[in-house]
Amino acid sequence: MSGVMGLIVKRLGLGLVTLLVVSIIIFGAVEMLPGDLAQQILGQSATEETVAQLREDLGLNRPAFVRYFEWLGGAVQGDFGVSLANNRSVAEQLAPRFANTLFLAGLAAVIAVPLAIGLGVMAALYRNSVFDRVANVVSLGAISSPEFFLGYILIVFLAVQNQVFPAISNVSGDMDFGTRLYRSMLPALTMTLVVTAYMMRMTRAAIINLLASPYIEMARLKGVSRSQVITRHALPNALAPIINVVALNLAYLITGVVLVEVVFVYPGVGQLLVDSVTKRDFPVVQACCLVFAATFILFNLIADVGAILSNPRLRHPK
Amino acid sequence: MADEKSVLLTVKDLRIEGYSDEKWIEIVHGVDLTLHRGEVMGLIGESGAGKSTIGLAAMGFTRDGCRISNGTVEFDGMELTSATRSERRALRGSRIAYVAQSAAASFNPAHKLIDQHTEAPLLHKIDTKDESTKDAIELYRRLRLPNPEEIGFRYPHQVSGGQLQRAMTAMAMACRPDLIIFDEPTTALDVTTQIEVLAAIRDIVDQFNTAALYITHDLAVVAQMADRIKVLLKGDEVEEAETRKMLEDPQEEYTKTLWAVRSFKRKPKPAPKKDETPLVTVRNVSAAYGDTKVLDDVSFDIYRGRTVAVVGESGSGKSTTARCITGLLPPIGGEILFDGKVLPPRYQDRTKDQLRQAQMIYQMADTALNPKKKIGEIIGRPIEFYSGVTGAELKKRVDQLLDQIELEPSLYYHRLPSELSGGQKQRIGIARALAAEPAFIICDEVTSALDQLVAEGILRLLDKLQKDLNLAYMFITHDLATVRSIADEVVVMKEGKVVEQGPKDVMFKPPHHEYTDLLLSSVPEMDPDWLSNLLDERGVDNIGEAANKS
C-alpha cells in the first residue's frame, strides 16, 4: 500500500500548489478591477480626506503582495476578513451559506449518482434498444438546456400547474430536515437533470468499451448471464472513468450552483456570491471564489485517488 | 469402456457467416466433426482457417458480427443451434469449458483468480464456495502451480503468463466438463514455459477423461496433444486422420506443404576473414530502465553480409539490446561501434548518415505502419528524408523497392496498409527499412506474428536481399526453427546476459551451455512421442502420479 499512499500524498501536494496558484489569480483579478475601493464604499459625496483615511484604515496603500500574504495568512486560519457591506466577519456569513449549498448538492448527488449509474448500466445492457435511445435523447436534451431554463420549466410543471413543490426554496437553519428536503427539492431536481446525462453516458461508454475484451468473452463462455457480465465483469473495470466523471460532476454541483440558487432564491454560496458582486463586497467575493476553487480541487483529488484505488494493479502490487 | 467411445459432439455441415462491408460473407463452408468422449481432436490451420470460430460454435457461441447460417451442432443429444439462450448458458462453463489463447487478457483484472475459478461452479449450482475453493487448490496442485494453497488468492497481474495459463486450465476443469475447447493455449508462451503447460494440459485431460478440441497453428504442438488431427484451410476441411497417420502419410497437397514448412535452409557462408572489421560491435554494453538493470555486459560482433540471431525467452534483453544499438536507450556502460568507430550513445547525437546505416523491421507490421498513409508514401518518406530525392526520381526509387520485395509497384503504390495481408505488410516494413539504403538491419521477431508459409516467404526474401545487397542482420527471435534456417552466428541471452555465442553449426551441436540446451530441447518436434520422451528424460514425473501421491 505504500505505493498508493505515496501517490495520494503526491496528488495532495499538487492540489495544494494548484490552490495556491488559484488564490493568486483570484486576488490578482480582484486587484485589477477598475475603480478605487475606498471611493466605492464612501460614494460620490466623500471628501478627499475621508477617502484617504479609509484607504489608510483598509491598508490599501500598502503594496499588493503584502496584502495578499496577509489575506492568505488569514484565509489559512479560516479568517477571510470583514465584509465591506455590513462589517460582519466573512467567515461567519459564509459558513451557514456553504452548509446550505452542501446540503443542496448532497441532495442532488444522492438522487443523480445512483440514477445515472443505474441508467448507464441499463443503457449498456440494452444498447441500441428503444430504452437506450430514449435515455440518450432525454439526457442529451437536459444537458443541452441551460440550468436556469430547466429550473423554470420545473417550476411551471411542478410548482405552478401542479403545486407539488414550492417555487421558492427559502430554507433556514431552524427548519426540520423534512421541510428542508421538501423546499430544496426543485433546485435539486434541476441540478440532477443537468449532471445525470454526463455520468450516464460515461458509464455506458466505459462499459461498452470493455465488452470486446477477452475476459468478457470468457465470462460469457462460463455461462454468466448478460446482466451479470456487465455488473460483475465490466463495471469493476470501468470504475476509473466513472469515478472521474462522478467526482467532477459533484464538484460542479457545488460550484456550478450559482444560477440555480438564483432562480430558486436558495440561500447558498452562489446566491451570496451574486449579491456580493452587485454590492462590490470584495472580501466576500474572494472568499466565495476560494471556497469554490478549493472544492473543485478537492473533488479532482478525490477523482484521482478513486481511480487509483479502483485499479487492482496499484492496490495489490506484485 | 463402451461409454468412452460414445459420441459426445457431432457437428454437421456447419456454415458460419461473418458481417463485413455491410453484407454477410460465409467464413466456414460446411465443416463436419465428430468427437468421442475422452478424445482429443486437434484443429490445425493458418489464421483465417476458421479454427476458433468452429471451436466457439461447438459451444453454441458466435462472436459479435458472426452467425451460424446452416448446419447442426449436437452436444450429448442436445441440438445447440436451436437451443434457447438459457439452455446454452446452462451448458457453458459446466459441461463445455473454454481455455483462451491469452490467459493474461482472459482473466478479469478486477477479481482474484479464485473468485473467477469458483464463479462457474456457484453459478451452475454444482459446488458451494468452500467446496469449490478446496477443489481449486487441488487442481492447482495437480497442475503443478507453485504455492497452490495461496496462488488463487492473487490477482491476475500478480501471476506469470505460464502460471495463468495453467490456472485457466484449472478454471476450465472446475465443473469437470465433458468437453474443453483449447484455443491456442500456448501460442503466447516461451518454449520453456510451453512445455510445462502442454504437459499439464495433457495429463489433466487424461486424468478426468475429458474430451477436447485443441486449436493451434503449430503442428509439432498438436502432434503431442491430439489423438486425431483435422486440417482446415479458409473455412474448409482439408483432411482428417489419426495423429500418427497424419504425420507419416498426409494425403492432401496442402497438408504436405504445411509439413514441409520447416525445410527452408540456407547454404552456410564461409567464416569472416580474420582481419575483417565487424560492421557492428556491441562492446560490454549494460543498460537499465530506471533502477532496474536489464542488460549486463553484453558483447558481440556483426559482420557485413551475415546474420546474427539473438535468441532467448521474453525478458531476456533481446529487444533492449536493439534499442541500445539504435540509440533509443543510451547504455549505462559499454559502447556501440559501427565500422570500427564509436557511435554516440543517444540517437539525437548521431549524424543522419549514422542513423541511415541502421534500420529496423518490427514484429507487428500492423502497428508499425501508419494506417493513414499510402504504401508509396510510407516507403517514399525515408528516401526523401535521407537522400532528399523527390518527384519522379522518388517514384522510380519506390517502384524499385517494391520490385525488390516482390510486390507489383502499379498494384500497391496507392494502397493503404489496411488493404494488405499480414505478410504483405511485413514486406512493406522491409522495403521501408531498405529505403534508407542501410548496411545493417535489425529484425525484431519479424516472422512471429505470421503463419508458417508466409513467414517462410519473408525469410527467403530477407535472405535474397542479404545476398544482393550484402546486408548485415541482427535477427531477434525466440523461434529456434527460424534461427536454424537463417543464422550465421547465434547469441543466446538470458536475464540480460549473453550465456553462449558462436557460429550456428557449433551452437546447434552438443555440448551446449545448460540454458541453450534447455531452449533447444524445448522446441516441440513433429514426433508424437516427443513430449513424453522429453519429460522422461528431464525426470519430471507424470503430473497425474504426483497428484495421486499427495
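The values are calculated or read from the model by the stated rules, or taken from the named source; none is laboratory data. Bear in mind that the values here come from a model prediction, so they are computed numbers and not experimental data. Because the Cβ atoms are built from the backbone with ideal geometry, glycine has one as well, and the counts that use them run over all protein chains shown. The accessibility values were calculated without ligands, DNA or RNA, using every heavy atom of the protein model including side chains. Shrake-Rupley method; radii C 1.70, N 1.55, O 1.52, S 1.80 Å.
For residues in segment A:157-184 being within 21 Å of the chain's Cα centre (by Cα) and open to solvent by less than 40 Å² (accessible area, probe 1.4 Å), which is nearest to A:Tyr266 (Cα to Cα)? This residue is A:Ser169. Pairing residues of segment A:240-258 that are over 12 Å from A:Leu102 (Cβ atoms) and modelled with pLDDT of 85 or more with residues that are surrounded by 24 or more Cβ atoms within 10 Å (Cβ to Cβ) and β-branched (Val, Ile, Thr), at Cβ distances under 6 Å and at least 6 apart in sequence or on separate chains, gives A:Ile242/A:Thr203; A:Asn249/A:Val195. Being at the interface with another protein chain (Cβ under 10 Å from one of its Cβ atoms), in a loop (DSSP other than H, G, I, E, B), farther than 19 Å from B:Thr169 by Cα and not aromatic (Phe, Trp, Tyr), is that true of even one residue in segment B:64-71? Yes, segment B:64-71 contains a residue that is at the interface with another protein chain (Cβ under 10 Å from one of its Cβ atoms), in a loop (DSSP other than H, G, I, E, B), farther than 19 Å from B:Thr169 by Cα and not aromatic (Phe, Trp, Tyr). If the condition is being surrounded by fewer than 21 Cβ atoms within 10 Å (Cβ to Cβ) and more than 7 Å from chain A (Cβ to nearest Cβ), then segment B:77-100 contributes B:Gly77, B:Met78, B:Glu79, B:Thr81, B:Ser82, B:Ala83, B:Thr84, B:Arg85, B:Ser86, B:Glu87, B:Arg88, B:Arg95.
Within segment B:282-321, the residues that satisfy the criterion of being over 29 Å from B:Glu456 (Cβ atoms) and surrounded by fewer than 19 Cβ atoms within 10 Å (Cβ to Cβ) are B:Arg283, B:Asn284, B:Ser286, B:Ala288, B:Tyr289, B:Gly290, B:Asp291, B:Thr292, B:Lys293, B:Asp296, B:Asp297, B:Ser299.
Within segment A:235-259, the set of residues being in contact with a Gly (Cβ under 6 Å, 6 or more places away or on another chain) and in a helix (DSSP H, G or I) comprises A:Ile243, A:Val258. Within segment B:443-472, if we keep just the residues that are over 17 Å from B:Asp403 (Cβ atoms) and β-branched (Val, Ile, Thr), the residue that is surrounded by the most Cβ atoms within 10 Å (Cβ to Cβ) turns out to be B:Val446. For segment B:13-23, give me the residue count where each residue is loosely packed, with under 15 Cβ neighbours inside 10 Å and at pLDDT below 85. The number of residues fulfilling the criteria is 5.
Exactly one residue among A:Leu273, A:Leu250, A:Leu239 is closer than 14 Å to A:Ala188 by Cα and open to solvent by 20 Å² or more (accessible area, probe 1.4 Å), and that residue is A:Leu250.
Residues in segment B:175-227 that are among the aromatic types (Phe, Trp, Tyr) and either open to solvent by 20 Å² or more (accessible area, probe 1.4 Å) or free of Cβ contacts under 8 Å to residues at least 12 places away in the same chain (or both): B:Phe208 alone. If a residue has to be touching a Gly at 6+ places or on another chain (Cβ under 7 Å) and either open to solvent by 50 Å² or more (accessible area, probe 1.4 Å) or more than 21 Å from A:Arg183 (Cα to Cα) (or both) to count, how many in segment A:72-118 make the cut? Selection size over segment A:72-118: 7. With respect to the conditions (1) more than 18 Å from B:Met171 (Cα to Cα); (2) within 9 Å of chain B (Cβ to nearest Cβ); (3) surrounded by fewer than 20 Cβ atoms within 10 Å (Cβ to Cβ), A:Pro214 falls short on a single one, namely (1). Of everything listed in (1) at pLDDT below 85; (2) in contact with a strand residue (DSSP E or B) (Cβ under 6 Å, 6 or more places away or on another chain); (3) open to solvent by 50 Å² or more (accessible area, probe 1.4 Å), the single unmet condition for B:Lys51 is (3). Figure legend. Inter-residue proximity from segment A:133-157: first residues within 13 Å of A:Ala197 (Cα to Cα), second residues among the basic types (Lys, Arg) and part of a helix (DSSP H, G or I), beta-carbon distance below 8 Å, spacing 6+ or different chains. Indicated pairs: A:Asn136/A:Arg201; A:Ser139/A:Arg201.
Just give me the residues in segment B:102-136 being facing another protein chain (nearest Cβ under 7 Å) and more than 11 Å from B:His157 (Cα to Cα), in sequence order. If the condition is that a residue be facing another protein chain (nearest Cβ under 7 Å) and more than 11 Å from B:His157 (Cα to Cα), then B:Ser102, B:Ser106, B:Glu119, B:Ala120, B:Leu123, B:His124 are the ones that fit.
Out of A:Phe282, A:Phe264, I need the residue that is more than 14 Å from chain B (Cβ to nearest Cβ) and either open to solvent by 20 Å² or more (accessible area, probe 1.4 Å) or hydroxyl-bearing (Ser, Thr, Tyr) (or both). Which one?
On inspection, the qualifying residue turns out to be A:Phe282.
For residues that are in a strand (DSSP E or B) and either free of Cβ contacts under 8 Å to residues at least 40 places away in the same chain or open to solvent by 20 Å² or more (accessible area, probe 1.4 Å) (or both), tally how many sit in segment B:228-247. Before you say what the answer is, go through the steps one by one.
Keep residues of segment B:228-247 that are in a strand (DSSP E or B), which gives B:228-233, B:236-242.
Remaining after also requiring either free of Cβ contacts under 8 Å to residues at least 40 places away in the same chain or open to solvent by 20 Å² or more (accessible area, probe 1.4 Å) (or both): B:228, B:233, B:236-242.
The qualifying residues number 9.
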